[in-house]
Amino acid sequence: MDILRVEIADNPPPRLDKALARDVPEEAALSRTRLARLIASGAVTRDGVVLTDPKAKVAEGDVLDIAVPPAEDYDVVAQDIPLVVVWEDDDVIVIDKPAGMVVHPAPGTPDGTLVNALLHHFGGKLSGVGGEKRPGIVHRIDKDTSGLLVVAKSDRAHHGLAAQFEKHTARRAYLALAHGVPEIADPRLVNTRGVKPGPDGGVTITSGLARHKTERQRQAVYFDGQGRHAITHVKLLERFGQPACISLVECRLETGRTHQIRVHMAHAGHALIGDPVYGGRRKLSEKALGAAYAPARGFARQALHAAELGFDHPVTGEPLMFNSPLPDDMADLLAALRAI
């Protein structure tokens, strides 16, 4: 058990939790959430008196002791599952996740996940995240979406990365194959609520996102202050078919909500090829696609790949940028479309 002594500095916030969040040294790597748990567990004392109320008053010059327990073992099994490691140091790891892999264990998927694989990869060499020896998941990509994901290996990295994703300063771009051609000149598209001209001649889709009111496994678009604010920038890269009925697009996330790209593209009338949840009943034209019709119609997942990921290293501050090539299934479909 380590004891961290903190002296409250000038003009502190009146509440214990906020004062500690301000004055705990950065190198201690105690996030607001971790501090809240430590307060609730009775780990914070002042002159030997335990403080468990996060709203307790503090004053300049108060000396607080925080009993920080060692990181506990994480109750998830480590599994020897191959990983594509793009970059790694003592604080972060960047993974190129294959389609079909779930990121985190959950009911119905207790193992075989990215977290299980990472625990084996680290071999116990984790400094602890949130009081547990576990990888710090700061963002996720869907099971059947492939591509880049950054994971924290330490509390200090987790805190720094989470702040970047919360402030939307992390840079994320996806490549997708979609039904139709999203051009802002299309009257139907420009008259769709939440859609407007975007950067580089593209389209920006802005809405609230929240769970569908009746289909709880789906997300839905909302307006007028409902749902979590979501912004997606869509750029048309290529079009395929005679006439064009499929497009390759780049989707840049300004926010990162559950299923955001898939829901926004479907809302704009350009659902992703192969999307089993948001694809609706969109039909492809065999006449327009020729030999590419069968592979496009039979594509087995949403055609979405996290191709670019950029962030500032949460400890050193170094700007980092990573790119991932299209996986074989999307590359093969793209080649078939380009051969039309």
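The values are calculated or read from the model by the stated rules, or taken from the named source; none is laboratory data. Computed from a predicted structure; not experimentally measured. Because the Cβ atoms are built from the backbone with ideal geometry, glycine has one as well, and the counts that use them run over all protein chains shown. With ligands, DNA and RNA removed, areas are computed over all heavy atoms of the protein, side chains included. Shrake-Rupley method; radii C 1.70, N 1.55, O 1.52, S 1.80 Å.
Tabulated data
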{"quantity": "Subset of region 22-52 [without any contact (Cβ under 8 Å) to a residue 24 or more places away in the chain and closer than 11 Å to residue 6 by Cα]", "calculated": "22, 23, 25, 45, 46"}
{"quantity": "Residues located in region 11-64, provided they are surrounded by 15 or more Cβ atoms within 10 Å (Cβ to Cβ) and polar (S, T, N, Q)", "calculated": "31, 45"}
{"quantity": "Residue pairs meeting the criteria (Cβ under 9 Å; at least 6 apart or on separate chains; first at positive phi, in region 162-177; second outside any strand (DSSP E or B))", "calculated": "168/254; 168/255; 168/256"}
{"quantity": "Residue satisfying all of: in region 145-185; more than 14 Å from the chain's Cα centre (by Cα) and surrounded by fewer than 19 Cβ atoms within 10 Å (Cβ to Cβ); modelled with the highest pLDDT among these", "calculated": "183"}
{"quantity": "Residue in region 242-252 that is modelled with pLDDT under 95 and either over 22 Å from residue 336 (Cα atoms) or among the small types (Gly, Ala, Ser) (or both) present", "calculated": "no"}
{"quantity": "Residues of region 44-91 classified as of a type in the set (Val, Ile, Thr), under 35 Å from the mean Cα position of the chain (by Cα), more than 16 Å from residue 135 (Cβ to Cβ) and not in a loop (DSSP other than H, G, I, E, B), total", "calculated": "3"}
{"quantity": "Among the candidates 93, 8, residue that is in contact with a helix residue (DSSP H, G or I) (Cβ under 8 Å, 6 or more places away or on another chain), surrounded by 17 or more Cβ atoms within 10 Å (Cβ to Cβ) and under 30 Å from residue 308 (Cβ atoms)", "calculated": "93"}
{"quantity": "Test: residue 266 is over 17 Å from the mean Cα position of the chain (by Cα), buried (at least 20 other Cβ atoms within 10 Å of the Cβ) and either at pLDDT 95 or above or of a type outside the set (S, T, N, Q) (or both)", "calculated": "yes"}
{"quantity": "Lone qualifier among 106, 152, 99 - being within 28 Å of residue 41 (Cα to Cα), among the aliphatic types (A, V, I, L, M) and in contact (Cβ under 8 Å) with a residue 60 or more places away in the chain", "calculated": "152"}
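Matching residues to (1) in contact (Cβ under 8 Å) with a residue 60 or more places away in the chain; (2) out of contact with any Phe, Trp or Tyr (no Cβ under 7 Å at 6 or more places or on another chain); (3) part of a loop (DSSP other than H, G, I, E, B); (4) open to solvent by 50 Å² or more (accessible area, probe 1.4 Å):
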| site | (1), (2), (3), (4) |
| --- | --- |
| 284 | yes, no, yes, no |
| 289 | no, yes, no, no |
| 317 | no, yes, yes, no |
| 321 | yes, yes, no, yes |
| 335 | no, yes, no, yes |
